[in-house]
Amino acid sequence: MILCTMYLQFDLPGVETLKGRRSILNSLKEKLKTLNISVLDISYEYSKEAAMAIAFLSPDRVSAAQYRQKIETMLETRFPEYPCEIDFEEF
């Protein structure tokens, strides 16, 4: 069993308030939770940037890579207006 973690760093250029950022992140979290993963908002107080942590279990490295690709594809297709930087680790 492999524990996989992803760290997502978003740029939110059109957001002016923390409430606006929270609205976007809640939408992102709801869509990501449909993939049966754990999602946590780990953002700071700056409204134009956001960070999220994702964790999931996978039976092997091939499945982990496929699931990672599925998450990245979903982010790119459903939220193209919010570019993100992704760091991925397996344990």
Check: Can you name the number of the only condition in (1) surrounded by fewer than 17 Cβ atoms within 10 Å (Cβ to Cβ); (2) among the small types (G, A, S); (3) within 18 Å of F91 (Cβ to Cβ) that S58 fails?
Finding: (1)
Next item on the list: Please name all residue pairs, on different chains or six or more residues apart, with Cβ atoms under 8 Å, provided the first residue is in region 26-46 and is in contact (Cβ under 8 Å) with a residue 24 or more places away in the chain and the second residue is of a type in the set (F, W, Y) and part of a helix (DSSP H, G or I).
Entry: L35/Y67
Item checked: Filter result (open to solvent by 80 Å² or more (accessible area, probe 1.4 Å) and in a helix (DSSP H, G or I)) within region 75-91 -> E76, T77, R78
Check: Quick one: in region 53-69, which of the residues that are hydroxyl-bearing (S, T, Y) and part of a helix (DSSP H, G or I) is farthest from the chain's Cα centre (by Cα)?
Finding: S63
Checklist line | Selection within region 12-30 - open to solvent by 80 Å² or more (accessible area, probe 1.4 Å) and within 18 Å of P80 (Cα to Cα) | finding: P13, R22, E30
Margin query: On the basis of being part of a helix (DSSP H, G or I), farther than 17 Å from C4 by Cα and under 13 Å from the mean Cα position of the chain (by Cα), does E72 make the cut?
Written below: no
Check: Can you tell me which residues in region 11-40 are assigned to a helix (DSSP H, G or I), of a type outside the set (K, R) and farther than 15 Å from K70 by Cα?
Finding: L18, G20, S23, I24, L25, N26, S27, E30
Notebook entry, point to check: Out of the residues in region 42-52 that are surrounded by 14 or more Cβ atoms within 10 Å (Cβ to Cβ) and under 12 Å from the mean Cα position of the chain (by Cα), which is nearest to C4 (Cα to Cα)?
Noted result: M52
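The values are calculated or read from the model by the stated rules, or taken from the named source; none is laboratory data. Treat the numbers as computed from the prediction; the structure is a model and nothing was measured. Neighbour counts are summed over all protein chains in view; Cβ atoms, including those assigned to glycine, are modelled from backbone coordinates with ideal geometry. Just so you know, the surface numbers come from the protein's heavy atoms only, side chains and all, with ligands and any DNA or RNA stripped out. Shrake-Rupley method; radii C 1.70, N 1.55, O 1.52, S 1.80 Å.
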